[in-house]
Amino acid sequence: MNAEAVLDFIEEIGVLKNLPRTGWRFRGIKDAESVADHCYRVSLLSMILADVLAEQGIAVNAEKVMRLALLHEIAEARIGDIPFPALEYIPEDVKEAGERAAVKSMFENFGVLQKKYLALWEEFEGGTSLEGKLVRAADKLELMIQVLEYEKIGYRSLDKFWINPWNHRNFDDYPLIREIMDLLVERRGHLR
């Protein structure tokens, strides 16, 4: 691996700073958060949740949690942010194959690190570990926090986010996440 490979990757990932989260645009949110905005907050949330689990005596690899959080949306730099409603028309396995091919290609000049980073990305995608499940839950929790923030500033076309069970996956595995989600629902009730 060399300087050019690192710089090329970092420049490519920079696209995420300007790539809006498509689901918000579909709901009429003009100044929607970027994918990078989302990733930053997922990373912070994942770090905090991992530290809370560690304080509770649960063996969690916080470094792995952070790596998974940082890598979880990198495919979108190549294929864009495919919103949930599009999955009605694009089969999940097709989306996953495209993302996998993009990630593999993005790391092709990383030498021995290609396998390491690809394996981490796959671990997040598969939710095959405590760390992967935790970051997946943090990813969805951050989404729901953002939903409430948009509703606070007046957007009212976001009910589907609250009722979609896909947006609540793995929440019951972590009492703190369930408590945070319950708090979001409570705070949403005060908006109406």
One finds, for A54 and V94 with R0 = 35 angstrom and r their Cβ-Cβ distance, a FRET efficiency to the nearest 0.05 of 0.40
Taking Cα atoms only, helix 130-152 is inclined relative to the longest principal axis of the chain by an angle, in degrees rounded to 10, of 50 degrees
Just how many % of Cα pairs in the stretch 1-150 lie over 21 Å apart, if you round to the nearest whole percent?
-> 47 percent
At what distance in nm do the modelled label points of R192 and D8 sit from each other, each positioned 7 Å from its Cα along Cα→Cβ?
-> 5.2 nm
Pull out a ≥ b ≥ c, the square roots of the eigenvalues of the alpha-carbon gyration tensor of the stretch 36-82, then state rounded if a/c is under 1.5, prolate if not and a/b is larger than b/c, and oblate in the remaining case.
-> prolate
Among W121, W24, W166: highest mean-square fluctuation, GNM of the chain, C-alpha pairs under 10 Å = W166
Angle, helix 62-71 long axis vs. longest principal axis of the chain, Cα atoms, 0 to 90°, nearest 10?
-> 90 degrees
Classify the stretch 96-177 as rounded, prolate or oblate from the Cα gyration tensor: take a ≥ b ≥ c as the square roots of its eigenvalues, call it rounded if a/c is under 1.5, otherwise prolate when a/b beats b/c and oblate if not.
-> prolate
Using the Cα gyration tensor of the stretch 35-122, with a ≥ b ≥ c the square roots of its eigenvalues, what is the shape: rounded (a/c below 1.5), prolate (a/b larger than b/c) or oblate (neither)?
-> oblate
At q = 0.18, 0.20, 0.23 Å⁻¹, what base-10 log of I(q)/I(0) does the Debye formula yield for the stretch 2-42 when every alpha carbon is treated as an equal point scatterer in vacuo?
-> -0.56, -0.63, -0.73
A correct Kirkwood calculation over the Cα atoms of the stretch 115-163 returns a hydrodynamic radius in Å of 12.4 Å
When Lys and Arg each count +1 and Asp and Glu each count -1, what net charge do the other residues less than 13 Å away from A75, Cβ to Cβ, add up to?
-> -4
If one compares the long axis through the Cα atoms of helix 92-106 with the longest principal axis of the Cα atoms of the chain, the angle in degrees, nearest 10, works out at 40 degrees
The chain - percent relative contact order, Cα under 8 Å, separation 6 or more = 22 percent
DSSP-assigned coil residues among chymotrypsin sites (Phe, Trp or Tyr not before Pro) in the stretch 73-119, each with at most 13 further Cβ atoms within 10 Å | Y89
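Where a number appears in this text, it was derived from the coordinates with a stated rule and is not lab data. This is a predicted model, so every value here is computed, not measured. Note: ideal-geometry Cβ built from the backbone for every residue, glycine included; neighbour counts use all protein chains shown.
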